[in-house]
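Visitor: I'd like to ask you about the structure that follows.
Bear in mind these aren't lab numbers, they're just calculated from the coordinates by the rules spelled out. Predicted model, so just to flag it, every value in this text is computed and none were measured. Note that each Cβ is placed from the backbone with ideal geometry, even for glycine, and that neighbours are counted across all protein chains shown.
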Amino acid sequence: MRAFTLVAAGLAVATVVGLVVLWPGDVETQIAQGVAVETEPATVTTVVEGLCTGLSGQRCQLATAKIESGREEGKRIQIQLDAGGFDPDVDPGDKIRVAKTPRPPKGTPSVAGTGYTLYDFERRGPMLILAGLFVLVVLAFARWRGALSLVGLGLSLVLVLLFVVPAILDGKSPLLVAVVGSLAVAFTTIPLAHGWGPKSLAALLGSAASLILTALLAVLFTNLTHLTGLSSEEAIFLQIGNADVSLQGLLLAGMVIGALGVLDDVTISQASTVLALRRANPTLRFRRLLGLALEVGRDHVSATVNTLVLAYVGASLPILLLFSAADFGFGEAVNFEVVAKEVVATLVGSIGLITAVPVTTGLAALLALSQEPERLRDDHAHAH
């Protein structure tokens with residue numbers, strides 16, 4: 001076990017060095033100028049349908065709303081919404097965010113309208129309720145372990161928001177940032193949620209090996225398929241904002257980070273299976289222990305790969321509907337980058353996921369056999 005611990009310690013040190021080297025400085029971009037808009041919360045009071053202001057013969061929804069905060073709190077405003085389906089429907093009582101219509105440059109005619117536009121719906125309240133429900137379900141089922149996993153989830157988000165995103169905006173290599181950030185997340189969350197022992201050690205090493213393989217495959221097949229990262233609206237915003245970001249690197253980073261969550265699940269499950277088999281039957285030797293655990297792993301992989309594929313399909317459903325309506329054949333549609341990038345991400349992530357099973361299982365079996373069964377039982381009882 002000492003050799004594996006030294007390898008994990010080396011990876012941890014390399015991750016810390018990577019964090020220090022890649023840590024972003026003060027990031028300044030022009031992206032916010034094209035995206036950020038000053039808005040105010042408002043509540044819809046009435047909605048009527050009538051003729052559009054300044055557009056003869058066209059009918060619109062005219063919504064009256066009351067601004068809830070800011071300098072104009074209490075002011076009642078009108079918002080003109082297209083009745084043809086380009087704007088969402090609003091109902092009395094809806095919480096929305098509104099923005100003032102920008103003033104036209106001097107010398108140009110003013111734009112017809114009410115002076116305010118619907119920017120978006122206010123969603124934070126329902127999302128907060130859903131998050132609270134999620135926390136309650138996790139705590140009710142997993143108790144102390146669930147609480148630790150929630151802390152780990154919070155730390156993961158902190159790493160992404162304070163390191164990964166700013167470092168990429170700072171012009172660092174998105175792929176390198178994603179690999180270092182993913183390893184930092186793994187080294188933080190796995191021991192926190194599952195303690196330090198053979199299970200966490202095997203899961204960490206298995207996750208690290210699979211992440212590196214996933215990154216290498218992503219680089220290889222992104223280049224072979226000539227994926228550019230230019231197929232999304234977000235890429236256009238980054239270009240308009242003159243962000244010093246490699247769009248292809250950003251695509252690669254997404255593949256690596258997207259694979260991490262599934263790898264965590266698979267590696268911990270496989271390590272737990274091996275240790276449970278070892279505790280239940282201490283006479284099992286390496287080959288038998290490995291074979292029994294891999295039987296569970298094959299079932300797990302088949303279900304997880306299906307989940308991974310369906311997740312990407314769900315994210316691409318509007319694009320698939322568009323291509324289907326345009327009567328593109330499968331072979332032609334899959335060649336478009338907007339679809340091809342999801343196919344490559346799915347297959348690369350799935351290969352990394354499948355590889356994680358035998359690697360983690362083999363490591364866990366070696367670690368389990370290096371421990372006395374009584375020690376494993378004591379560690380398991382202490383952890384629970």
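Visitor: Grab the chain and count how many Lys pairs have their alpha-carbon atoms under 24 Å apart, sequence gap of 8 or more, or different chains.
Guide: Numbers: Lys66/Lys75; Lys66/Lys95; Lys66/Lys100; Lys75/Lys95; Lys75/Lys100; Lys172/Lys341.
Taking the Cα cut-off of 24 Å, the pair count is 6.
Visitor: Karplus couplings for region 333-341 from phi (6.51 cos²θ - 1.76 cosθ + 1.60, θ = phi - 60°), rounded to Hz, Gly and Pro as x?
Guide: 5, 5, 7, 5, 4, 4, 8, 4, 5
Visitor: While we're looking at this one, here's another question. Quick one: net charge of Asn223's neighbours, Cβ under 15 Å, K/R +1, D/E -1?
Guide: Values: positive: Lys341; negative: Glu337.
Combined, the nearby Lys, Arg, Asp and Glu give 0.
Visitor: Return the label of the correct value of Rg and Dmax of the Cα atoms in Å, as calculated from the structure shown, out of [x] 22.1, 71; [y] 20.6, 74; [z] 26.2, 88.
Guide: Label [z] holds the value from this structure.
Visitor: Please state the charge dipole magnitude for the chain, taken about the Cα centre, from unit charges on C-beta atoms (+1 on K and R, -1 on D and E), reported in debye and rounded to the nearest 20. Present the calculation step by step, with values, prior to reporting the outcome.
Guide: Numbers: 26 positive and 31 negative charges, 250 e Å.
The dipole of the chain has a size of about 1200 debye.
Visitor: Given only helices, namely DSSP H runs of n ≥ 4 each adding -39500 (n - 2.57), what is the per-residue ellipticity at 222 nm of the chain, to the nearest 500 deg cm²/dmol?
Guide: Details: 13 runs with 244 residues, N = 384.
Calculated at 222 nm, the ellipticity per residue is -21500 deg cm²/dmol.
Visitor: Val98's amide H: which non-local residues (gap 5+, or another chain) put their own amide H closer than 5 Å, with H modeled 1.01 Å from N in plane and none for Pro or chain starts?
Guide: Sorted by chain and number, the residues that satisfy this are Glu40, Ala42, Tyr119.
Visitor: Quick one: 3J(HN,Hα) in Hz for region 7-12, Karplus 6.51/-1.76/1.60 with θ = phi - 60°, rounded, Gly and Pro as x.
Guide: After applying 6.51 cos²θ - 1.76 cosθ + 1.60, I find 4, 5, 5, x, 5, 5 Hz.
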